1. How much accessible surface area, in Å² rounded to 10, belongs to the heavy atoms of VAL5 with a 1.4 Å probe?
2. How much accessible surface does THR20 have with a 1.4 Å probe, in Å² rounded to 10?
3. With a 1.4 Å probe and all protein chains kept in place, how much accessible area does LEU36 have, in Å² rounded to the nearest 10?
Amino acid sequence: IPTTVRSIHQDKILSLRQQTQFLWEAYFSSVEKIVLTTLEIIQDRVLEHGSRSSLMWNGHPGGLFALPQYSGYLGDFPFFYAPLGIKPYPKFTAVIHAVSPLVSQSQPILKLLVAVAKSQYCAQMHNSFLTILPSSILKQYFPVNTQRGR
C-alpha cells in the first residue's frame with residue numbers, strides 16, 4: 001500500500017486535497033450546513049426526477065446553490081459551462097431582487113444596478129424595484145432595456 005500511495009502524482013494529490021477542501025467548506029463546516037445538506041440529499045432521493053447530478057454536488061458552487069427546481073439541464077447554470085464545454089452567450093440578462101425600497105442614490109444596490117446597466121455585456125435588466133424609480137432616473141442611470149418588476 002505505501003508504494004501505491006507514493007506512486008500517485010503530486011498534481012493528483014493536490015486536486016484531491018482541493019476537492020476535499022471544497023466538500024468540507026460547502027457541506028460539513030457547520031452544523032447548519034450538515035443539516036441542510038442532509039435534508040437536500042433526502043429530498044433528492046425521494047424526488048428522483050428533480051434530483052441534482054453528481055456534477056452539481058461535486059463542483060463549484062455546490063449542490064446547495066444550484067437548485068434543481070430552477071432547471072434540470074446543467075447548461076442553464078453558467079458555472080457549469082466550462083465542464084460541459086459550452087461557450088457562454090456574448091450578453092446576459094441581469095435579474096436583481098431587492099426587498100427594501102431605495103432611499104438615496106448612494107445606496108450600494110443602486111451602485112450595483114448602475115454598474116450592471118453600464119456593462120457592454122448586459123442585454124437587459126429585470127428587477128423588483130424599478131417601479132419605484134421615476135422615469136427620468138431610469139433613463140439617466142439605466143440605458144439598457146430595463147423591465148419594471150410587478
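The values are calculated or read from the model by the stated rules, or taken from the named source; none is laboratory data. Bear in mind the structure is a predicted one, so any value in this text is a computation, not a measurement. Only protein heavy atoms, including side chains, enter the accessible area calculation; ligands, DNA and RNA are left aside. Shrake-Rupley method; radii C 1.70, N 1.55, O 1.52, S 1.80 Å.
1. Accessible area, nearest 10 Å²: 80 Å².
2. 90 Å²
3. 80 Å²
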